[in-house]
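The values are calculated or read from the model by the stated rules, or taken from the named source; none is laboratory data. Only a predicted model underlies this, so the values are computations on that prediction, with no experimental measurement involved. Neighbour counts are summed over all protein chains in view; Cβ atoms, including those assigned to glycine, are modelled from backbone coordinates with ideal geometry.
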Amino acid sequence: MKIYKDIYDFGFYYYSRLKNIVKYRELRAELYSKKNICNLKIPDNVQKQDLFKDLKKNYKGLIKINGENFFVIPTAILKIPETEEKYLSMIKSQSRNKINKAIKNSVYCKIFSWNDFLDDIYEIHKSKAFRQGKLMSKSYLEYPKSFNDENELAEVIHLGAFQNEKLVGYVEWFRWGNFAATNRLLGHGDFLKLGIMNLLFFESCKFSLKNNIEYLAYYTMLNNSSLDKFKKNIGFKNFLIKWDRKV
C-alpha cells in the first residue's frame, strides 16, 4: 500500500541523513586531529564574500570545533607542494605513468580563451553520452555559450589540454586569493586513454606554484566511487576549510 511505502521512504531518508551526520562528525574530528586544515588568505573583501557564498552552498554552512569555524562537509583538496617534483612523488605511480603517456603522445597544456575554442568545446561535450555512469546533462549537449569573465567576482582560469593545437580537454578554475576550485572539467572521449586529465591536474599544480595558489578544491571525496579514486590518485585528500572573518 502507498501509505507503507511513504512511511518507509520517510524513515529511510532520515536514517540516511543521520548516518551522514555521524560520518561527517567522525571525519571532521579525524581531519582536525591530523591538521588537514585549509587556511584561506583572501585579501579582497568582495571576493571573500563571494567565496563564502560559494562554500556555504557546496559545503552546508559552518560548524564550530574548539571555538573555530569550519565548513560542515569536508572538501577534496590538493595542497600544493613546494615543487613539481614533490607533486610527482606524492601521486600514485598510475597517475605518473598517465602524465608521461600524455606527453609522449604530444599532448601539452596551456591557458586558453574560452570563446576562441567553442567548436572544440562542443565536440568535447558531445564525445561521450555517459560520464561517471550518468547521461550528460542537456546543457552540455547544446552549443556552448560565450564566456564573459567580467560577470564573475572570482578570477576565472581556463587551462586546456591540446594536441596539434586542437583542444581535447579542459579544466575551469575559479580563484579567490590562495584558493581555487573546479567549476567545470571535461576531456574528449577519444583522448581520455592518453592520460589528458592527469596531465591537466599536473599542469594545474605547476600553474598554482607560479601564481601563489596554495589549495585546489575538487568538490567532495566521501565515497569510494571511481571519481573519488581518481582524485586520490592525483593527490587530493580530505580537508576542513577554516573560515576566519579576517581571511
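Some observations on this one:
- Filter pass, Lys110 being under 30 Å from Val46 (Cβ atoms), surrounded by fewer than 14 Cβ atoms within 10 Å (Cβ to Cβ) and of a type in the set (D, E, K, R): yes
- Only one entry in Ser113, Ser93 is farther than 21 Å from Ser208 by Cβ and among the hydroxyl-bearing types (Ser, Thr, Tyr), namely Ser93.
- Residue ID - farthest from Asp244 (Cα to Cα), chosen from residues in region 21-47 that are assigned to a loop (DSSP other than H, G, I, E, B) and touching a residue at least 12 places away in the same chain (Cβ under 8 Å): Asn36
- Qualifying residue in region 236-244 (condition: under 30 Å from Glu30 (Cα atoms) and surrounded by fewer than 16 Cβ atoms within 10 Å (Cβ to Cβ)): yes
- Selection of strands (runs of 3 or more DSSP E) fully inside region 119-188 by the criterion of at least 1 residues being over 23 Å from Ser208 (Cβ atoms) returns 155-163, 166-176.
- For Tyr108, the conditions (1) farther than 15 Å from Gly169 by Cβ; (2) in a strand (DSSP E or B) are fulfilled apart from (1).
- Here Phe174, Phe179, Phe201 are screened, and the one residue that is at pLDDT 95 or above, crowded, with 23+ Cβ neighbours inside 10 Å and more than 22 Å from Asn105 (Cβ to Cβ) is Phe179.
- Filtering region 54-109 to residues that are of a type in the set (Ser, Thr, Tyr) and at pLDDT 95 or above leaves Thr75, Thr83, Tyr87, Ser89, Ser93, Ser95, Ser106, Tyr108.
- Region 132-148 - residue that is without any contact (Cβ under 8 Å) to a residue 12 or more places away in the chain and more than 19 Å from the chain's Cα centre (by Cα) and, of those, farthest from Phe112 (Cα to Cα): Leu135
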